[in-house]
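*Asks:* Pasting a structure below so you can have a look.
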Amino acid sequence: MNTSTEKIEPPATKLRVLQVEDNPLDVELVQRELRRAGFDFTAAVVQTRDEFICQVQAQCPHIVLADYNLPQWRGMEALAILTHENVDVPLILVTGALGEVTAVECLKKGVTDYVLKGALARLPVAMHRALREKKLRDQRKEAEESLARKVEELARSNQELEQFAYIASHDLQEPLRMVASYTQLLGERYRGKLDETADKYIGYAVEGAQRMQTLIQDLLAFSRAGRKEPAKADADSNAVVKDALLNLTASIQESGAIVVCDDLPVVAADRLQLGQLLQNLIGNAIKFRKEHAPTISVKAEAAGDFWQFSVSDNGIGISAEHGEAIFSVFHRLHTRTEYPGNGIGLSICRKIVERYGGKIWVESTPGEGSTFKFTLPAGAGQAKGASA
Ligand code: ADP
């Protein structure tokens, strides 16, 4: 723990002391005290405002020891000059007498400490403390600046990455379409005309190109989710979920899924993005089912200025260790033969939700089912804290 008597590391260079003092005896007494306390220092002595400015600019002192009252000048003005010059140098008043009220005023104005000339033995302690505080201030400032730089770099590199993903996936589509269609043509026209191995190879090429197309389309959807401006208008979740279910008709029918939706709120989000979000979650709830027909429920409850939605299923579930990772791009827990997909759906969901200041997470019991929860801001005119 730091105490007021704790010494600080000596500076790499000699300590530069700037004394504002007109009395040579006091100058000497102060310096003697510093030597006695083991300070390795150089000292410059000034008596006027101009000399002080000159010294501050020329030698950039580590500490200023200023008499409160000089014949032509006042020590407190030294503080104003330091502030004006925008230099953070501790200033200790070393003075004959200073009433308590004046002392408090000086401290309030930014003087680091004051030491009476009659009690100079306290000066080293005050200096150690002032220098230690200054060092901490410097370290904090440096840490803050470095953090700000990192945040800026991160934002820039994120933006560049998004831009890259968008351009790459967008521009790759066209040449890939050619590869896919011509390998398909090859397959159709030459199947059975070459040998069996050639048919097999063409089959692999067609399959690979098609897979790459879906990957690139998903990647494009992912980067688009981040590019779209947050909605100005509200979206009625009831209508949105209805459309999502319509888009999922085939898989609902094929799986025999039962989807139960509560009355859902109006939220401040883009209708298409909300649709993407709900469709992804309901689609997953159908896809990751057990042998029996899945039962899925969609609900929402008020949570302050937000609505908390939940999409629950009675499917295969997810173990807790994957609960966070599944929201990353391309992260899947199964092979494509077990369950089709590219592992991008949930990362799009997260991007959409976070764009509106919300959160998304999963609560699950493996083998019993999962509940995906997310929050979105309430639409304008919605009663805060109203229940669903
Ligand atoms: P995809 O569905 O293409 O695999 P997602 O990003 O939508 O990609 O999902 C990532 C992974 O999260 C899935 O591969 C799956 O393992 C797991 N997952 C998502 N939804 C569910 C769910 N409702 N039940 C069980 N596992 C799920």
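The values are calculated or read from the model by the stated rules, or taken from the named source; none is laboratory data. Everything quoted here is computed from the prediction, not taken from an experiment. Positions of Cβ are backbone-derived with ideal geometry, glycine not excepted, and every protein chain shown enters the neighbour counts.
*Asks:* Would you check which residues across region 331-355 are more than 8 Å from the ligand (Cβ to nearest atom) and either assigned to a strand (DSSP E or B) or surrounded by fewer than 20 Cβ atoms within 10 Å (Cβ to Cβ) (or both) and list them?
*Replies:* Hits for region 331-355 are 335, 336, 337, 338, 354, 355.
*Asks:* Also, quick follow-up: Give me a count of the residues in region 356-367 that are part of a loop (DSSP other than H, G, I, E, B) and either loosely packed, with under 13 Cβ neighbours inside 10 Å or more than 18 Å from the chain's Cα centre (by Cα) (or both).
*Replies:* Residues meeting the conditions: 2.
*Asks:* In addition: Between 338, 354, 321, 363, which is acidic (Asp, Glu), out of contact with any strand residue (DSSP E or B) (no Cβ under 7 Å at 6 or more places or on another chain) and under 29 Å from residue 378 (Cβ atoms)?
*Replies:* Matching residue, one of 338, 354, 321, 363: 354.
*Asks:* Does region 79-97 contain at least one residue that is farther than 19 Å from residue 48 by Cβ and of a type in the set (Gly, Ala, Ser)?
*Replies:* Taking every residue of region 79-97 in turn, at least one turns out to be farther than 19 Å from residue 48 by Cβ and of a type in the set (Gly, Ala, Ser).
*Asks:* Pick from region 279-306 the residues that are of a type outside the set (Gly, Ala, Ser) and more than 13 Å from the ligand (Cβ to nearest atom): which of them is surrounded by the fewest Cβ atoms within 10 Å (Cβ to Cβ)?
*Replies:* Ranking the qualifying residues of region 279-306, first place goes to 291.
*Asks:* Can we say residue 248 is crowded, with 17+ Cβ neighbours inside 10 Å, in contact with a helix residue (DSSP H, G or I) (Cβ under 8 Å, 6 or more places away or on another chain) and in the same structural domain as residue 171 (by TED's automatic domain parsing)?
*Replies:* no
*Asks:* Consider residue 364 against the criteria (1) of a type in the set (S, T, N, Q); (2) more than 8 Å from the ligand (Cβ to nearest atom); (3) touching a residue at least 12 places away in the same chain (Cβ under 8 Å): it satisfies all of them except one. Which criterion is unmet?
*Replies:* Of everything listed in (1) of a type in the set (S, T, N, Q); (2) more than 8 Å from the ligand (Cβ to nearest atom); (3) touching a residue at least 12 places away in the same chain (Cβ under 8 Å), residue 364 misses just condition (2).
*Asks:* Can you pull out every residue in region 159-183 that is surrounded by 13 or more Cβ atoms within 10 Å (Cβ to Cβ) and hydrophobic (A, V, I, L, M, F, W, C)?
*Replies:* Result: 165, 168, 172, 176, 179, 180.
*Asks:* If we scan region 282-305, do we find a residue that is under 24 Å from residue 226 (Cβ atoms) and under 25 Å from the mean Cα position of the chain (by Cα)?
*Replies:* yes
Per-residue answers, yes or no, for (1) within 19 Å of residue 30 (Cα to Cα); (2) out of contact with any Leu (no Cβ under 9 Å at 6 or more places or on another chain); (3) at pLDDT 90 or above:
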site: 67; (1), (2), (3): yes, no, yes
site: 72; (1), (2), (3): no, yes, no
site: 76; (1), (2), (3): yes, no, no
site: 85; (1), (2), (3): no, yes, no
site: 94; (1), (2), (3): yes, no, yes
site: 100; (1), (2), (3): no, yes, no
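*Asks:* Within region 312-330, which residues are near the ligand (Cβ under 9 Å from one of its atoms), within 27 Å of the chain's Cα centre (by Cα) and not in a helix (DSSP H, G or I)?
*Replies:* Scanning region 312-330 gives 328, 329, 330.
*Asks:* If you don't mind, another one. Just to verify a result, which residue in region 184-211, among those that are closer than 30 Å to residue 225 by Cβ and more than 38 Å from the chain's Cα centre (by Cα), is surrounded by the fewest Cβ atoms within 10 Å (Cβ to Cβ)?
*Replies:* Among them, the one singled out is 207.
*Asks:* Answer yes or no as to whether residue 198 is free of Cβ contacts under 8 Å to residues at least 12 places away in the same chain, under 30 Å from residue 112 (Cβ atoms) and of a type in the set (A, V, I, L, M, F, W, C).
*Replies:* For residue 198, the condition - free of Cβ contacts under 8 Å to residues at least 12 places away in the same chain, under 30 Å from residue 112 (Cβ atoms) and of a type in the set (A, V, I, L, M, F, W, C) - is not met.
*Asks:* Shifting gears a bit: Among the candidates 309, 372, single out the residue that is among the hydrophobic types (A, V, I, L, M, F, W, C), at negative phi and near the ligand (Cβ under 7 Å from one of its atoms).
*Replies:* None of the other options fit; the residue is 372.
*Asks:* Mind listing whichever residues of region 74-101 are touching a residue at least 12 places away in the same chain (Cβ under 8 Å) and more than 22 Å from residue 128 (Cβ to Cβ)?
*Replies:* Result: 76, 77, 81, 83, 85, 96, 97.
*Asks:* Using the structure shown, decide if residue 15 is crowded, with 17+ Cβ neighbours inside 10 Å and either at pLDDT below 95 or in contact with an Asp or Glu (Cβ under 8 Å, 6 or more places away or on another chain) (or both).
*Replies:* yes
*Asks:* Out of all the residues in region 229-236, is one or more assigned to a helix (DSSP H, G or I) and surrounded by 12 or more Cβ atoms within 10 Å (Cβ to Cβ)?
*Replies:* no
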